[in-house]
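Here is the structure we will look at.
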Amino acid sequence: MARKLTRPRLEAAGVACVLALLTSPRARRRHRFALQSASHMLRLPRASDYGAWHKLRTESRDFLQPWEPVWSAEEMTRNSFRKRIERVNLEFDAGSSIQLFIFQKDPERLIGGITIGLIRRGVAQMCMLGYWMGEQYAGKGHMFAALQLVIRYIFDELRLHRIEAACIPTNMRSASLLQKAGFRKEGYLHKYLRINGQWQDHQLFALIKEEDVRKGN
């Protein structure tokens, strides 16, 4: 006769499963990965981030929606967040994308996110950036600080040659941020992405390694 699993046994099995996952080299690498400065930390999202992420995104929905794809009905559910983390981990392991949460230090709090996406090797050696910031933290220098960490990692560690980013022409704040970080406006992309339910034109910005003006580059 099969033994019925009690709640304590189920919880113990769950802990054992988590510990087993963390013993794999890939899981340990994901858990250790972080980009840090004295004031900010960028790391991969974890299941334990769901509450803070849900609160920040929900409170910032009206602020973020004009610049993002339409949120699905399941967008904010715990199950959707779990699937998101699974996808993030797979893409990180494959080296195709690195999706990071941005944390302000002291006290530590989630304030936004930034993605090093569409990583291409071969003759291209480039990637595309995407980012978002919670409404109450926008315009306070946090994304600029995160960009500095990401740019350094892309050029010095990933050893890519070119970073691209695109924004809707009316998103003046994003365009100013990119230009402040050293990006140059290169062109205009007609009906480039479906944002907020409509195909939207975008301005294309780029930064190449030879033009990176970070101190000590």
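Restricting the first member to the stretch 148-172 and to residues that are in a loop (DSSP other than H, G, I, E, B), and the second to residues that are hydrophobic (A, V, I, L, M, F, W, C), the beta-carbon pairs closer than 7 Å and six or more apart or on different chains are L160/M126; L160/C127; L160/I154; H161/M126; H161/I208; I168/W67; I168/I195; N171/W67.
The single condition from (1) without any contact (Cβ under 8 Å) to a residue 24 or more places away in the chain; (2) closer than 25 Å to R61 by Cβ that L90 fails is (2).
Scanning the stretch 53-95 for residues that are over 14 Å from W132 (Cβ atoms) and small (G, A, S) yields S72, A73, S80, A94, G95. The set of residues in the stretch 168-181 that are touching a strand residue (DSSP E or B) at 6+ places or on another chain (Cβ under 6 Å) and surrounded by 17 or more Cβ atoms within 10 Å (Cβ to Cβ) comprises I168, S174, A175, L178.
Of everything in the stretch 189-205 that's surrounded by fewer than 12 Cβ atoms within 10 Å (Cβ to Cβ) and not basic (K, R), which residue is nearest to Q65 (Cα to Cα)?
We begin by selecting, within the stretch 189-205, every residue surrounded by fewer than 12 Cβ atoms within 10 Å (Cβ to Cβ); these are 190-191, 194, 197-199.
Retained after the next criterion (residues that are not basic (K, R)): 190, 197-199.
Working: H190: 20, G197: 10, Q198: 12, W199: 14 Å.
Filtering first and then ranking leaves G197.
Taking the condition of being of a type in the set (A, V, I, L, M, F, W, C), part of a helix (DSSP H, G or I) and surrounded by 15 or more Cβ atoms within 10 Å (Cβ to Cβ), how many residues in the stretch 64-115 meet it? Break it down stepwise before answering.
Here is the first cut: in the stretch 64-115, the residues of a type in the set (A, V, I, L, M, F, W, C) are 64, 67, 70-71, 73, 76, 81, 85, 88, 90, 92, 94, 98, 100-103, 110-111, 114.
With the extra rule that they be part of a helix (DSSP H, G or I), the set shrinks to 64, 67, 81, 85, 88, 90, 92, 94.
Adding the requirement that they be surrounded by 15 or more Cβ atoms within 10 Å (Cβ to Cβ) leaves 64, 67, 81, 85, 88, 92.
Final tally of qualifying residues: 6.
Summed over the stretch 118-137, residues that are part of a strand (DSSP E or B) and surrounded by 16 or more Cβ atoms within 10 Å (Cβ to Cβ) total 9. In the stretch 180-193, the residues that are in a strand (DSSP E or B) form Cβ pairs under 8 Å with partners that are among the charged types (D, E, K, R), at six or more places apart or across chains, as follows: R184/E211; Y188/D201; L189/D201; H190/D201; K191/D201; Y192/D201.
A quick yes/no check of all residues on (1) polar (S, T, N, Q); (2) modelled with pLDDT of 55 or more; (3) over 27 Å from A175 (Cβ atoms):
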position: A2; (1), (2), (3): no, no, yes
position: T6; (1), (2), (3): yes, yes, yes
position: R28; (1), (2), (3): no, yes, yes
position: Q36; (1), (2), (3): yes, yes, yes
position: H40; (1), (2), (3): no, yes, no
position: R46; (1), (2), (3): no, yes, yes
position: A52; (1), (2), (3): no, yes, yes
position: W67; (1), (2), (3): no, yes, no
position: A73; (1), (2), (3): no, yes, yes
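The values are calculated or read from the model by the stated rules, or taken from the named source; none is laboratory data. Being a predicted model, the structure only gives us computed values, none of them experimental. Using ideal geometry, Cβ is built from the backbone for each residue, glycine included, and neighbour counts are taken over all protein chains shown.
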